[in-house]
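Comments concern the structure below.
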Amino acid sequence: MSVAGLILAAGSGSRLGQPKALVELGGERLVDRAVRVLRDGGCEPIVVVSGAAPFEVDGAAVFANPDWATGMGSSLRVGLTALTDSDADAVVVSLVDQPDIGPEVVRRVIAAHHAGATVATATYDGKRRNPVLLARGTWAEVAHLAEGDAGARPYLAAHADEITAVPCEDLGSPADIDTPDDLARARGEGSAPAAG
């Protein structure tokens, strides 16, 4: 069973003041880190959805979302459409701005799928966050329901009884980088000091 990876990286980072995908943390762009995490976690192929800023990424196919400003839903649709011709039977969807989620989280979510889960979400202290695994059979409805910034949430709400929760608080944190303060915190905790 092949599991694809999908990274949503189209936003402008309005509160941060720059597109999150291109932000560097520990000498690595967040988008490159996100690709590495999915690849090391067992995803292949990997698709990245861009938007506000064009970029290329080694090890992934980049698809531009011309409607990125409408929110995450349109990027999710672009990514799922891009994977339609792949042989993947599921996809792990992740966000570009959660640097404390590592490959171990991805592996654990994929393991839930191999054990029979159709939809699996990483949870932290009982709260559903990212990444989210979606079996191929869900993609059409997920794409249909994805609007604005809701992403897969409308689908997950409509199918709550089908979701396998995968506790991951022992492996990482879903903290995201939305503001300059978030970025400063992330750099202070997890990156080497900048060379003088």
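Criterion applied to VAL105, VAL62, VAL119 was being farther than 15 Å from THR138 by Cα, modelled with pLDDT of 95 or more and in contact with an Asp or Glu (Cβ under 9 Å, 6 or more places away or on another chain), and the one residue passing it is VAL62. Residue pairs whose Cβ atoms lie under 9 Å apart, sitting 6 or more positions apart in sequence or on different chains, and linking a residue in segment 176-196 that is under 14 Å from LYS20 (Cβ atoms) to a partner that is at pLDDT below 85 and of a type in the set (A, V, I, L, M), are ARG187/ALA194. Pairing each residue of segment 31-42 that is more than 17 Å from VAL62 (Cβ to Cβ) with any residue that is basic (Lys, Arg) and part of a helix (DSSP H, G or I), provided the two are 6+ apart or on different chains, yields C-beta distances under 6 Å for GLY41/ARG107; GLY42/ARG107. In segment 1-46, what residues are in contact with a strand residue (DSSP E or B) (Cβ under 8 Å, 6 or more places away or on another chain), under 16 Å from ALA186 (Cα atoms) and of a type in the set (A, V, I, L, M)? If the condition is that a residue be in contact with a strand residue (DSSP E or B) (Cβ under 8 Å, 6 or more places away or on another chain), under 16 Å from ALA186 (Cα atoms) and of a type in the set (A, V, I, L, M), then ALA21, LEU22, VAL23, LEU30, VAL31, ALA34 are the ones that fit. Just one of the numbered conditions (1) in a strand (DSSP E or B); (2) under 14 Å from the mean Cα position of the chain (by Cα) is not true of THR164: (2). Scanning segment 7-17 for any residue that is in contact (Cβ under 8 Å) with a residue 24 or more places away in the chain and part of a helix (DSSP H, G or I) turns up nothing. A residue that is over 22 Å from ASP149 (Cβ atoms), in contact with a Gly (Cβ under 8 Å, 6 or more places away or on another chain) and modelled with pLDDT of 95 or more cannot be found anywhere in segment 10-30.
Within segment 116-129, can one find any residue that is in a loop (DSSP other than H, G, I, E, B) and over 19 Å from GLY42 (Cβ atoms)? Yes, there is a match, as at least one residue in segment 116-129 is in a loop (DSSP other than H, G, I, E, B) and over 19 Å from GLY42 (Cβ atoms).
When segment 31-82 is filtered for residues that are under 15 Å from the mean Cα position of the chain (by Cα) and of a type in the set (D, E, K, R), the ones remaining, listed by number, are ASP32, ARG33, ARG36, ARG39, ASP40, GLU44, ARG77. Under the condition of being part of a helix (DSSP H, G or I) and without any contact (Cβ under 8 Å) to a residue 24 or more places away in the chain, the residues counted in segment 50-83 number 0. Only one entry in VAL49, VAL62, VAL57 is hydrophobic (A, V, I, L, M, F, W, C), surrounded by 22 or more Cβ atoms within 10 Å (Cβ to Cβ) and either within 24 Å of ARG36 (Cα to Cα) or in contact with a strand residue (DSSP E or B) (Cβ under 6 Å, 6 or more places away or on another chain) (or both), namely VAL49.
All conditions in (1) over 27 Å from GLY26 (Cα atoms); (2) out of contact with any Ser or Thr (no Cβ under 8 Å at 6 or more places or on another chain); (3) of a type in the set (A, V, I, L, M, F, W, C); (4) surrounded by 18 or more Cβ atoms within 10 Å (Cβ to Cβ) hold for VAL166, with the sole exception of (2). All of VAL96, VAL105 fail the test of being within 13 Å of the chain's Cα centre (by Cα) and farther than 20 Å from ASP170 by Cα, apart from VAL96.
The values are calculated or read from the model by the stated rules, or taken from the named source; none is laboratory data. In this text the structure is predicted, and so the values were computed from the model without any measurement. Every residue, glycine as well, gets a Cβ built from its backbone with ideal geometry; the counts of neighbours run over all protein chains shown.
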